[in-house]
Amino acid sequence: MNADGRTRLHQTPEWTALAKHREELGEARLRELFAADPGRGTAYTLRVGDLYVDYSKHLVTDDTLRLLVELAEATDVSGLRDAMFRGERINTTEDRAVLHTALRAPRDAVVEVDGENVVPAVHAVLDRMADFAGRVRSGEWTGHTGRRIRNVVNIGIGGSDLGPAMAYEVLRPYTARDLTFRFVSNVDGADLHEAVRDLDPAETLFIVASKTFTTIETVTNATSARSWLLDALGDEKAVARHFVALSTNAEKVTDFGIDTANMFEFWDWVGGRYSFDSAIGLSLMIAIGPDRFREMLDGFRIVDEHFVNAPAEANAPLLLGLLGVWYNNFLDAQSHAVLPYSHYLSKFTAYLQQLDMESNGKYVGRDGREVEWQTGPVVWGTPGTNGQHAYYQLIHQGTKLIPADFIGFAEPAAELSDELKAQHDLLMANFFAQTQALAFGKTPDEVRGEGVPEELVPHKTFKGDHPTTTILARELTPSVLGQLIALYEHKVFVQGAIWNIDSFDQWGVELGKVLAKRVEPALTEGADVPGLDPSTRALVATYRELRGR
Ligand code: F6P
């Protein structure tokens, strides 16, 4: 029993029933499951907004799904979901509400935090962002020398970088092509160097994005960017025309030297990795314009409403979360691949890595005790078809179970030439072929039937039964991007709720930050850092020697 009166997850009857079911199911074969129910290919699908979600190629039966839904009920996923949407402080270790869903609420909605409706403030910031984005896009907002802004550089890291950087790539066809966008995150000076080396400071706007405005990487890069600008323009006053801040921390923004008139705020109830649709999205809004940005927020909203209202058996985030639990906790899968068949989604998996792994990579439960079950998987993947010529070998014939999400679109981007558009069917043929091959494989007899010599038969056999979810939409629009992100946000939520962990804190990133601060003087000044372990001490000495210090 937990301190909160809950039975430990792995001791609940629902968990035990799933473990028993897994044993009974044995080696579930997708060929057999489809042979027994040919209707499965359409029955195990659902639609949410513009997304068609096919989960038929999973190692599950009706019983599995029923038992998983019972687990969700027993762990009160819907209760925690409702508490989140109501603005309760479900991020208990930081004592904060979790209200990224309020960021996409319509103007007339009411969402209260401590008795105060936050929606007017959300829209006030969106309006200011729209005004500013419009002025940059039209050329009305000029730099210090009167030249129009042609380059926008977002400086941020983690949730203050990955969202806008990813979404800018995704929505490139919708962006103002006469503006250049760059995203700087790494404290490695090479990142900023490469981002600005061909830019004209007089035409460059820096957006410093940091929820806390204390993150060392961002503050360091922003300071260097400021020097780069002032070296060229030679006047402190230039900062006001070339720097804006996105933050919850007005005091630190002022300390840095950015006027709060140039600050777009958000609130502590927006977690960093859930902040992309807050002011953190300003660079994207400049790129695609306020109307497209609103379309994207409305896309998030479609899935928010679906998550709240759809019945369990047709609830996409719930089912995807439960399928993940099935593999992670009952079939020993260690990782989860996300494989988009769209070049524009090239940074989507990197974005999901923070969303999922920073949320659910935890071994301590909400009750303060160590969990006795697996929590978040390793999330990885790159766009197809590139992965097919790199690591798909291991997914097809390796010894590890790797559930995967395949994301694809019926239409290529409208602006492609006819010849490039014609390539789309080939791309999607690969997409469908891969999930088919992963699911159904190729039997030894089928291989033999092709006249393959007996000694090569085992090598050319594909066992199949590699589970995949297919997510298909007509077109990659701003709304569809919002829908996709919200789908994964809520999937991660479902899993965290079941595993009984706080998906909204991130204490695991703190120790490294503290130690980096402690080690730095040893590198720069050769300071004797007390308590340095022998390995790190030797490495520091070698580093200094290599640098000629
Ligand atoms: O990696 C830790 C973290 O706090 C993330 O959660 C966050 O997105 C990132 O650092 C950046 O933080 P900030 O926006 O405060 O600079």
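Quick note: the coordinates plus some simple rules give every number you see, no bench work behind them. Keep in mind that this is a model prediction, so the values were computed, not measured. Ideal geometry is used to build each Cβ from the backbone, glycine not excepted, and the neighbour counts take in all protein chains shown.
Which pairs, out of 211/400; 400/460; 400/421; 347/463; 20/57, put more than 29 Å between their alpha-carbon atoms?
Working: 211/400 38 Å; 400/460 18 Å; 400/421 36 Å; 347/463 31 Å; 20/57 22 Å.
Pairs exceeding 29 Å: 211/400; 400/421; 347/463.
The amide H of residue 378, built 1.01 Å from its N in the peptide plane, has 335, 336 as neighbours under 5 Å, considering only residues 5 or more places off or on other chains. Each peptide among 163-172, 517-526, 334-343 gets the average number of other Cβ atoms lying within 10 Å of its residues, and from highest to lowest they stand as 163-172, 334-343, 517-526. The tail of the calculated P(r) for the stretch 102-288 beyond 30 Å holds 13 percent of all Cα-Cα pairs. Please identify the DSSP H helices in the chain that span no less than 27 Å along the helix axis (Cα) and have a mean Kyte-Doolittle hydropathy of -0.5 or more. Those that clear 27 Å and a mean of -0.5 are 119-138, 478-499.
Ranked by the mean number of other Cβ atoms within 10 Å per residue, highest first, peptides 201-214, 363-376, 246-259 order as 201-214, 246-259, 363-376. Separation of the stretch 42-96 from the stretch 502-520 is 30 Å, based on Cα centroids.
Residues with amide H under 5 Å of residue 152's amide H, sequence separation 5 or more or different chain, H placed in the peptide plane at 1.01 Å from N; which? Those qualifying (amide H under 5 Å, at least 5 residues apart or on another chain) are 180, 181, 182, 205. With Cα atoms defining each centre, the stretch 291-342 and the stretch 206-272 are spaced 34 Å apart in the structure. Share of pairwise Cα-Cα distances greater than 15 Å in the stretch 181-230 is 40 percent (whole percent).
The DSSP beta bridges internal to the chain are antiparallel in roughly 30% of cases. Compared with the rule-of-thumb size 2.2 N^0.38 Å for a compact globular protein, the stretch 1-61 has a Cα radius of gyration ratio of 1.57.
The value of relative contact order for the stretch 102-288, using C-alpha pairs under 8 Å at least six residues apart, is 27 percent.
For the chain, what is the mean residue ellipticity at 222 nm derived from helices alone (per DSSP H run of n ≥ 4: -39500 (n - 2.57); sum divided by total residues; nearest 500 deg cm²/dmol)?
Calculated from helices alone, the mean residue ellipticity at 222 nm is -13500 deg cm²/dmol.
In order along the stretch 96-109, the Karplus-derived 3J(HN,Hα) couplings, from 6.51 cos²θ - 1.76 cosθ + 1.60 at θ = phi - 60°, round to 10, 6, 10, 10, 4, 5, 6, 5, 10, 6, x, 3, 8, 6 Hz, and Gly and Pro are given as x. Distances between placed amide hydrogens fall under 5 Å for residue 96 paired with 91, all partners being 5 or more residues away or on another chain.
Counting every pair of alpha carbons in the stretch 462-549, the share spaced more than 15 Å apart comes to 76 percent. A quarter of the convex hull surface defined by the alpha-carbon atoms of the chain gives 30.5 nm² as the mean projection. Going from the residue with the fewest nearby Cβ atoms within 10 Å to the one with the most, 243, 300 rank 243, 300. Across the chain, the mean sequence separation of Cα contacts (distance under 8 Å, 6 or more residues apart), normalised by length, yields a relative contact order of 18 percent.
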